[in-house]
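The values are calculated or read from the model by the stated rules, or taken from the named source; none is laboratory data. Since we're looking at a predicted model, the values are computed, not measured. Counting neighbours? That spans all protein chains shown, and the Cβs are built from the backbone with ideal geometry, glycine included.
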Amino acid sequence: MHRRRSHTVSSVFRIRKPHWRGRSGLRARDISSSSSLPDFEEQRSTHVTSFTPVLKKTVLFDDNGKIICVKRSKKTKHADGVNVIAESRDCSLLDLSSLSLDSLSADIGTLTNLQDLFLYENKLSYLPPQIGNLRKLRKLWLQENSLYSLPSEMERCAYLTHLDLRHNRLDGALPSVILGLHCLQQLLLTYNKLNDISGVGHLKDLQILVVKSNNLQGPLPEELRQLTKLQILDCSKNRITILPDAIGSCTKLVRLLLDYNCIGELPSSIGCLKELQQLGIKYNRLTRLPTELAQCQQLTELNIEGNQIVRLPDDLLRKMPSVSSATLSRNAFTGFPTGATGQLMHLEHLSMDYNDLDSVSTNDFLDADHLRSLTLGNNNIVHLEIAASQWRQLVQLDLSYNRITKLPEDFCELANLEDLDLTSNWLKLGDGSPSTSLTKSVNKPTKVLLIAASSFSLINFWFHFTQTVSNSPIV
């Protein structure tokens, strides 16, 4: 009989009784550690009523609303869960999580009505072959154990749709028994030691595949083209070198995360991913981006930080109106995005720190009317040949660690500016002193000025500045 822990029944109770979220129960941090587990949130919201009484954390509900008390103390050690199993003959859900189990009793095979089995956060190094008797099993949560392998009998769990194996010790190739679970929709393998996911193409119903923080090397398999229902693919923090053209066949992809790998080039087929909303490619070895990327019209952010890119394809940002944030930091850019007028017209945030920029000109920011945050620190900028009015919408401006000697005379027109960082520049006092324009631009009590040790007479400048804006908050 289906049953649930009372403290997962209502979010209201979780607010009123935060201490209930103890070691027992279906905890959000254990089950829903990523946004790729939407079904669990739906499960947690079941049986919500305004008349549900406040109950202890050892109380559960079955499908008929009947209250069931479970004798389960966090101080009690269950060697293999045999006692709990014996009391759960007709259950459709069994929670044996966080019990420090060293092994799982073979009696688990007698619970033939089980659909959901929670075994996370134990000390299991193997599963008994009798787990293959659970023919109705739909969801199996095994994260945070010490599993080295899976029994071949598990292939008989033919209706399994969700398998969570995060934080285990699986090594080498993807276990062959997983490849026989053809109904799998969600497979989570974060923090194992897998170096090969060949055969994953057999899982044609897969919607979520997470192989983050493993030992994957070389190219991803071409058989990815068979995963036409895939919505989330996360292979971050591996040593992948090639993303195959086959990725273009995964047309339902919403999130493609490949951060912290060794990928040198994105295939042109990435333009086929019309529904892609998040692309993670930071800290790879990319030297360019394909022009076809502009066809991914659902992308809201472009983050290519930590690559070796010198320039973007012409008009790339202008052709992607949904991209409001571009992070181009830590590359090899010598100039701003090129193409027709209005390259930055859709952007609200632009970061180009840690590049090789040496100047900023008026043409670089034509029609950048929505830009609110601009980060250009750690470049080689000497000249700001720009009308400050083009930055009139800026709220945050970082020009730190450059070689700027003079600020534009109309810098006072930055009426919306709140955060300004000029750390470690070559600003000089005298004619063209920044003090005049700066003090005018921040002469409001609501302004916050962030200025640190530039290479001019800081004491004199600071005295002049503080006398002018003595009523303004200074950080």
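The table for this structure:
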read-out	value
Residue within region 323-334 that is over 28 Å from the mean Cα position of the chain (by Cα), part of a loop (DSSP other than H, G, I, E, B) and either over 18 Å from Ile404 (Cα atoms) or not acidic (Asp, Glu) (or both) present	yes
Selection count, region 199-216, where residues are under 18 Å from Tyr120 (Cβ atoms) and either in contact with a Pro (Cβ under 6 Å, 6 or more places away or on another chain) or assigned to a strand (DSSP E or B) (or both)	2
Members of region 184-210 that are among the hydrophobic types (A, V, I, L, M, F, W, C) and farther than 12 Å from Arg166 by Cα	Leu184, Ile197, Val200, Leu203, Leu206, Ile208
Some residue of region 321-339 being closer than 16 Å to Arg255 by Cα and surrounded by 15 or more Cβ atoms within 10 Å (Cβ to Cβ)	yes
Residue in region 370-379 that is on the phi > 0 side of the Ramachandran plot, free of Cβ contacts under 8 Å to residues at least 60 places away in the same chain and surrounded by fewer than 17 Cβ atoms within 10 Å (Cβ to Cβ) present	no
Subset of region 88-126 (residues that are surrounded by fewer than 17 Cβ atoms within 10 Å (Cβ to Cβ), polar (S, T, N, Q) and either over 20 Å from Arg138 (Cβ atoms) or without any contact (Cβ under 8 Å) to a residue 24 or more places away in the chain (or both))	Ser100, Ser103, Ser125
Residue in region 267-287 that is among the hydrophobic types (A, V, I, L, M, F, W, C), over 25 Å from Asn402 (Cβ atoms), under 24 Å from the mean Cα position of the chain (by Cα) and part of a strand (DSSP E or B) present	yes
Among (1) assigned to a loop (DSSP other than H, G, I, E, B); (2) modelled with pLDDT under 80; (3) not β-branched (Val, Ile, Thr), the one test that Leu438 misses	(1)
Scan of region 347-393 for residues that are in contact with a Leu (Cβ under 7 Å, 6 or more places away or on another chain), among the aliphatic types (A, V, I, L, M) and farther than 24 Å from Lys319 by Cα, ordered by number	Ile381, Leu384, Ala388
Tally of residues being crowded, with 19+ Cβ neighbours inside 10 Å and assigned to a loop (DSSP other than H, G, I, E, B) across region 233-258	8
Out of Ile85, Ile131, sole residue that is buried (at least 17 other Cβ atoms within 10 Å of the Cβ), in a helix (DSSP H, G or I) and at pLDDT 95 or above	Ile131
Any chance Leu316 is of a type in the set (A, V, I, L, M, F, W, C), assigned to a loop (DSSP other than H, G, I, E, B), more than 30 Å from Ser198 (Cα to Cα) and without any contact (Cβ under 8 Å) to a residue 40 or more places away in the chain	yes
Any hit, region 386-408, residues being over 23 Å from Ala294 (Cβ atoms), at pLDDT below 90 and assigned to a strand (DSSP E or B)	no
Residues of region 208-220 satisfying the condition of being buried (at least 19 other Cβ atoms within 10 Å of the Cβ) and not charged (D, E, K, R)	Ile208, Leu209, Val210, Val211, Ser213, Asn214, Leu216, Leu220
